[in-house]
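The values are calculated or read from the model by the stated rules, or taken from the named source; none is laboratory data. This one's a predicted model, so the numbers in the text were calculated from it and none came from an experiment. Note that each Cβ is placed from the backbone with ideal geometry, even for glycine, and that neighbours are counted across all protein chains shown. Just so you know, the surface numbers come from the protein's heavy atoms only, side chains and all, with ligands and any DNA or RNA stripped out. Shrake-Rupley method; radii C 1.70, N 1.55, O 1.52, S 1.80 Å.
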Amino acid sequence: MPFSENKLVVAIFVAGLAGIICGWFFGPVMLAVAWLGDLFLDALKMMIIPLIVGAVISGVTSLGDIRKLGKVGSVTLLYYASTTACAVLIGLIVVNIIQPGNGISYQVPLISESITDRNSVGITELVQSLISPNIISAASNTQLLPIIVFCLLFGAALTTIGEKKSAMINFFDNLNEVMMKLVMWVMVFAPVGIFCLVAGQFGKVGGGAAITNELVAVGGYFFTVIIGLTCHFLLLFIILIFLSKRGREYLFKLLRALLTAFGTASSSATLPLTMKCSLEAGVDKRSVKFVLPIGATINMDGTALYEAVAVMFIAQAYGITMGMGEQVIIFITATLAAIGAAGIPQAGLVTMLIVLNAVNMPTEGIGLILAVDWLLDRFRTTVNVWGDSVGAAVVESYLPIEITQK
Ligand code: ASP
C-alpha cells in the first residue's frame, strides 16, 4: 500500500479541512470538482451489496450453529436498542435545557413534495421493509435491510446442511476477503474523494456567506444538536472503555471511517471502511462481519438524537408545549424512526415525519430546519458510524469463547 495507515488518517483529515476551507471561500466554483467526489462515493457504494452478502453469510456460518446466532444477535440488538434510546434521551435533555426554538421568529420555507409526500411512512411499513418479495430488486435499489435478513436466514440454513456446506461457506469467506482487498484499494483515493465531496457540497450551498446566513437563522438549534451529538459520542467512548477491552487507540484506528462518514453523509457508503478499520484494529472477524452490516442499517444513534431535538425545536418555534406524555411518544417514535432510516444522506429528515405525525405536529415544520440539514447530516452520520463501531467492539467481548475464530 502506498500510504501508511497514519499518513492516510492525516491525509484524509487535511483533505476534509481543505475541502471545508475551499468550499467556504470559493463557493460554487468548487462544484467543478464535485464529480470526482461522486466518483469516490460510487466506488464505495459499488462494494456495499457484495460486501454485505459475503460478510453476513460468512459471519453467521462462522458462529457455528443457529442457537449461538440467537445469543450474539440478542446482545447486538440489545446494545443497539439501548444506545439509541440513550441518544434520544440525551437529545431530549439537551433540547429541554437549551430551548433553542423559544422566541425565534420563523418563516417556514416551501419544502419539497418528496418529503411531505412520505406521510405513509409508519411502524407497519418499517416492519414490512424487513422482507422484500424480490431480493434482486432490493439489491439494485440498495435496500439493505431485506438483504441482511435474507443473508442471516441463508447463513443460518447453510449451517444445517451437513458436510455439503463447506464449499459454499468457503465461497462466501473468499468473497468477503476479496471485497476487503478492494476496500483497501479504494481507501487510497479517500483523501481526494473526501476533499471533492466536502468542497463540492459547501460550494453547492453557496459557500461561507450562505452558510453563515443559515447558521444565524437557526444557530441555536444547530448547536443544540452538536452539543447533544458530542455528549453521545463521549458516552459511547465511556461504554467502549467499560464494556470492551479497547480504548483510545480504537478511536484512532476508526478515524478514517469517521472522517469518511463526515465526507459522505452515508453510513452505508462508509460501511466498507468501517469494517476494514475495525478489522485492522483487531476486532474479532465474527463480530465485524455480523455486527457492522446490521449496525450500518439499523443503528443510527446520531439520527435518533437529532430527530428528537428537531421535533422539539419545531414545537418550541410554533409555540406548542410538549408535556411529559408527548415527550415519551417522541422518545419511542424517534428511536423507531432512526431504526427505519436508511444509511444514506438526509434519510433522517424523511423518517422524522413518523415522529411529527405521532405528536400531531405540522409536517411543514421540517422547512424550519431544512437549510442546515445537509451539514448536521455529516455530524450525525459520524456519530452513527462511531456507534456501530463501538457496537462491534462491545459484542466481541460477548462472543462465545468456545468457538474457534476463523
Ligand atoms: N445520513 C445518515 C446516515 O447515513 C442518516 C440520516 O440521519 O439522515 O447514517
- Message: Cβ contacts < 7 Å: first residue more than 18 Å from Gly101 (Cβ to Cβ), restricted to segment 225-238; second residue polar (S, T, N, Q) and modelled with pLDDT of 95 or more, any location; separation 6+ or different chain. Result?
- Response: Leu236/Thr83
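Any residue at all in segment 220-234 that is assigned to a loop (DSSP other than H, G, I, E, B) and among the polar types (S, T, N, Q)?
No, because not a single residue in segment 220-234 is assigned to a loop (DSSP other than H, G, I, E, B) and among the polar types (S, T, N, Q).
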- Message: Being within 13 Å of the ligand (Cβ to nearest atom), open to solvent by less than 20 Å² (accessible area, probe 1.4 Å), in contact (Cβ under 8 Å) with a residue 60 or more places away in the chain and farther than 30 Å from Lys276 by Cα is true for just one of Ala338, Ala310. Which residue is that?
- Response: Ala310
- Task: With the condition kept exactly as written, say whether any residue in segment 267-286 is aliphatic (A, V, I, L, M), more than 15 Å from the chain's Cα centre (by Cα) and not in a helix (DSSP H, G or I).
- Result: yes
- Among the residues of segment 341-378, which ones are touching a Leu at 6+ places or on another chain (Cβ under 6 Å) and near the ligand (Cβ under 10 Å from one of its atoms)? Asp373
- Task: With a cut-off of at least 3 residues that are within 30 Å of Ser140 (Cβ to Cβ), name the helices (runs of 4 or more DSSP H) lying wholly within segment 1-98.
- Result: 34-62, 66-98
- Message: Looking at segment 248-266, can you tell me whether even one residue there is open to solvent by 10 Å² or more (accessible area, probe 1.4 Å) and in a loop (DSSP other than H, G, I, E, B)?
- Response: no
- Task: Could you tell me whether Ile239 is away from the ligand (no atom under 16 Å from the Cβ), of a type outside the set (D, E, K, R) and open to solvent by 10 Å² or more (accessible area, probe 1.4 Å)?
- Result: yes
- Note on the structure: Subset of segment 1-35, residues under 22 Å from Lys181 (Cα atoms) and open to solvent by 40 Å² or more (accessible area, probe 1.4 Å), comes to Met1, Pro2, Phe3, Ser4, Glu5, Asn6, Lys7, Val10
- Message: I want to confirm something. Restricting to segment 341-387 and keeping residues that are in a loop (DSSP other than H, G, I, E, B) and within 13 Å of the chain's Cα centre (by Cα), which single residue is surrounded by the fewest Cβ atoms within 10 Å (Cβ to Cβ)?
- Response: Gln346
- Restricting segment 51-68 to residues that are touching a Pro at 6+ places or on another chain (Cβ under 7 Å) and not small (Gly, Ala, Ser), the one surrounded by the most Cβ atoms within 10 Å (Cβ to Cβ) turns out to be Ile52
